[in-house]
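A quick write-up on the structure given underneath.
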Amino acid sequence: MNNKIGQLFEHIKKIRLEQKEREEIRSFLVSKTLNGRHQEQGSNILRAYFINFYRKPMLTLIIALTIAIGGGFSAAAENSLPGDILFPVKIKVNEEVRSAVAITPKAKAKWEIKIVERRLEEAEKLAAKGELKADVSAKIEVNFKAHADKVQKRIAEFKAEDKAELSSNFETSLNAHEAILEKLLNRAVDGKAEIKKIEIKVELEAEKTSKIRRESEIELSEEAEAEVKVETAAQGRLNALENKLDEVEKFIKNMEEKLGAEATAEAKARLEIAKATMAEGKVKFEAGLFGESFKLFQQAHRIAQEAKLLIKAEKELRLNLDAEVKTENKDDKIDLKGSGSLEINL
Amino acid sequence: MIKKPDNTEFIEAYDKYSDSIFRHCYFRVFDSEKAKEIMQETFTRTWEFIVNGNNIENLRAFLYKVANNLIVDSTRKKKEISLEKLSEQGFDPGFEDKDKLQDIIDGKAAIATVKKLDAKYREAVLMRFVEGLSPKEIGNILGETENTISVRIHRALKQLRELINHHEQ
């Protein structure tokens, strides 16, 4: 084996977890395994939950079975919406379990963003069915705000590069959901006020996040010391972007076969814009303007992600179907697929 | 009276192998957040296995097998879940802040090179020369014959030579 290959492997051997993160996981494992103990995640939550439900034995039985089968995580609850029997399991057990699995600060931040997305998706599904009532909608708003605040708090703790990335991802998501809510608003016969209220909250949060994103991008490009740091960050973003564009392109192609050309036209147009933006970014990169290129790669990434989320929403909510086809919508039935194995969805 | 397993050996295994498992996961999923989560889950599940009264002959090999199953699960679930954000293939491997800039640059270049290998060759050659497992052990972990592994390693080295030479022209 020649010297250069040997060096390659030596460099790769240096890749490892950060000391702090390694220790965190170690402590977690030590406490979990002390004296041969094996603690169930979420067991305390379950206890508190069952106390509330002692009056409804049937309910308790269903939930106990679901949780027992899922080992603390209920796959059946994942598709539930506010007002469903299993919904409390979704937020009090499933989401707790997944919170615990996210150890690193970045993973925690991403998971908080995911929770916000889940609340919005639930609201959208209810609105699409015409079932978004005032009381449920009010709860969703409160929950949305609480988790959005948590997201902002976490994002604020990162350095410029991660801050830019996380706020960009959050912003994209919020913008996409705002667009979806707008479409639902137009399509809705009644219950418009509830949808509008949520849409406004989402819009405000998106604006807030956009500001943070722009500020951190400025901060990033102004970091004088690390010309190289910004370059590698921009390079990194470009690599992620190229993968993303590939992914989205394939996805659109796939979806076009299923949903037709009209449903994917808008997404295709966005993808073209994303590609053009990437090209622009590459020009800046070649010219050594790494901060600028980073911003452009972020932008292209956002646009590509928007394209994808829009199609997904179309698919999930059948927004482009004619009104007549409203009768039997298979996607709205709750899927009671119980999982038989001890799985935690990463 | 059920004997409660003592965790000393398990934690020792963590100290010895956690970096290795993390790195192994990283070169499959190319996402350091995900690799961390999978690594933690690998050890958690291994502990569950132990605590349920099972005996593990070769702890190190077992850890790799669990990790590989989790990696396969996670890539499969990516395709099943709808309306969920897919993980990005980011370029952010694990480095400590105090690492020299040059090391970081070299490391990232090494990753970029290795990424270009065929997945099966990459897996075999990294397990051999970075994690230090023998072809026989690798075969045991992956469920392949020792010969198959040797062939993959040989081809990986050939591809690496070509990649490095090409890069230098």
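The values are calculated or read from the model by the stated rules, or taken from the named source; none is laboratory data. All values reported here derive from a predicted model rather than from experimental measurement. Cβ coordinates were reconstructed from backbone atoms using ideal geometry, including for glycine residues, and neighbour counts include every protein chain displayed. Just so you know, the surface numbers come from the protein's heavy atoms only, side chains and all, with ligands and any DNA or RNA stripped out. Shrake-Rupley method; radii C 1.70, N 1.55, O 1.52, S 1.80 Å.
May I ask you to list the residues in region A:21-39 that are modelled with pLDDT under 85 and of a type outside the set (A, V, I, L, M, F, W, C)? Before you say what the answer is, go through the steps one by one.
Kept after step one, since they are modelled with pLDDT under 85, are these residues of region A:21-39: A:31-39.
Correct list: A:Ser31, A:Lys32, A:Thr33, A:Asn35, A:Gly36, A:Arg37, A:His38, A:Gln39.
Could you please let me know if A:Arg237 is in contact with an Asp or Glu (Cβ under 6 Å, 6 or more places away or on another chain), farther than 30 Å from A:Val136 by Cα and crowded, with 21+ Cβ neighbours inside 10 Å? If you could, list the steps in order and put the result at the bottom.
Values: in contact with an Asp or Glu (Cβ under 6 Å, 6 or more places away or on another chain): no; farther than 30 Å from A:Val136 by Cα: yes; crowded, with 21+ Cβ neighbours inside 10 Å: yes.
No: the conditions fail for A:Arg237.
Of all residues in region B:110-163, count the ones that are without any contact (Cβ under 8 Å) to a residue 12 or more places away in the chain and farther than 22 Å from B:Lys65 by Cβ.
The qualifying residues number 6.
Looking at (1) more than 23 Å from B:Ser20 (Cα to Cα); (2) basic (Lys, Arg); (3) under 15 Å from the mean Cα position of the chain (by Cα), find the lone condition where B:Arg161 falls short.
Every listed condition holds for B:Arg161 apart from (3).
Would you please list the contacts, defined by Cβ atoms under 9 Å and residues six or more apart or on different chains, that run from a residue in region A:110-125 that is more than 15 Å from A:Lys201 (Cα to Cα) and open to solvent by 10 Å² or more (accessible area, probe 1.4 Å) to a residue that is of a type in the set (S, T, N, Q) and not in a helix (DSSP H, G or I)?
Qualifying pairs under 9 Å: A:Lys110/B:Ser87.
Working carefully through the options B:Glu137, B:Glu123, find the one that is open to solvent by less than 50 Å² (accessible area, probe 1.4 Å), in a helix (DSSP H, G or I) and acidic (Asp, Glu). Talk me through it step by step, then tell me what you get.
Numbers: B:Glu137 fails: open to solvent by less than 50 Å² (accessible area, probe 1.4 Å).
Going through B:Glu137, B:Glu123 in turn, just one is open to solvent by less than 50 Å² (accessible area, probe 1.4 Å), in a helix (DSSP H, G or I) and acidic (Asp, Glu): B:Glu123.
So A:Leu132 ticks every box in (1) part of a helix (DSSP H, G or I); (2) open to solvent by less than 70 Å² (accessible area, probe 1.4 Å) but one. Which box is left unticked?
(1)
Where residues in region A:100-129 are over 24 Å from A:Ile180 (Cα atoms) and either of a type in the set (Gly, Ala, Ser) or outside any helix (DSSP H, G or I) (or both), which of them is farthest from the other protein chains (Cβ to nearest Cβ)? Before you say what the answer is, go through the steps one by one.
From region A:100-129, those over 24 Å from A:Ile180 (Cα atoms) are A:100-108; that's our starting set.
Now narrow it down to the ones that are either of a type in the set (Gly, Ala, Ser) or outside any helix (DSSP H, G or I) (or both): A:100, A:102-104, A:107.
Numbers: A:Ala100: 10, A:Ala102: 7, A:Ile103: 6, A:Thr104: 6, A:Ala107: 5 Å.
Only one residue fits best here, namely A:Ala100.
Output the residues belonging to region A:66-82 that are at pLDDT 85 or above and crowded, with 22+ Cβ neighbours inside 10 Å.
Listed by number, the list holds a single entry, A:Pro82.
In region A:7-18, which residues are more than 14 Å from A:Pro105 (Cα to Cα), open to solvent by 20 Å² or more (accessible area, probe 1.4 Å) and facing chain B (nearest Cβ under 7 Å)?
Matches in region A:7-18: A:His11, A:Lys13, A:Lys14, A:Arg16.
Within region A:83-100, count every residue that is open to solvent by 20 Å² or more (accessible area, probe 1.4 Å), on the phi < 0 side of the Ramachandran plot and not charged (D, E, K, R).
Initial filter on region A:83-100 (open to solvent by 20 Å² or more (accessible area, probe 1.4 Å)): A:83-85, A:87-88, A:91-92, A:96, A:98-100.
So of that shortlist, the ones also on the phi < 0 side of the Ramachandran plot come out as A:84-85, A:87-88, A:91-92, A:96, A:98-100.
If we keep only those that are not charged (D, E, K, R) as well, we get A:85, A:87-88, A:91, A:99-100.
Number of matching residues: 6.
Yes/no per residue for (1) of a type in the set (Asp, Glu); (2) within 14 Å of chain B (Cβ to nearest Cβ):
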position: A:Ile180; (1), (2): no, yes
position: A:Leu184; (1), (2): no, no
position: A:Lys192; (1), (2): no, no
position: A:Ile200; (1), (2): no, no
position: A:Glu203; (1), (2): yes, no
position: A:Ser216; (1), (2): no, no
position: A:Ser221; (1), (2): no, no
position: A:Lys229; (1), (2): no, yes
position: A:Gly236; (1), (2): no, yes
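Look through region B:9-26, keep the residues that are facing chain A (nearest Cβ under 8 Å) and open to solvent by less than 10 Å² (accessible area, probe 1.4 Å), and return whichever of them is farthest from B:Arg60 (Cα to Cα).
Filtering region B:9-26 for residues facing chain A (nearest Cβ under 8 Å) gives B:10-11, B:14-15, B:18-19, B:22-23, B:26.
Then drop every residue that is not open to solvent by less than 10 Å² (accessible area, probe 1.4 Å), which leaves B:10, B:14, B:18, B:22, B:26.
Details: B:Phe10: 11, B:Tyr14: 10, B:Ser18: 10, B:Phe22: 13, B:Tyr26: 17 Å.
The qualifying residue farthest from B:Arg60 (Cα to Cα) is B:Tyr26.
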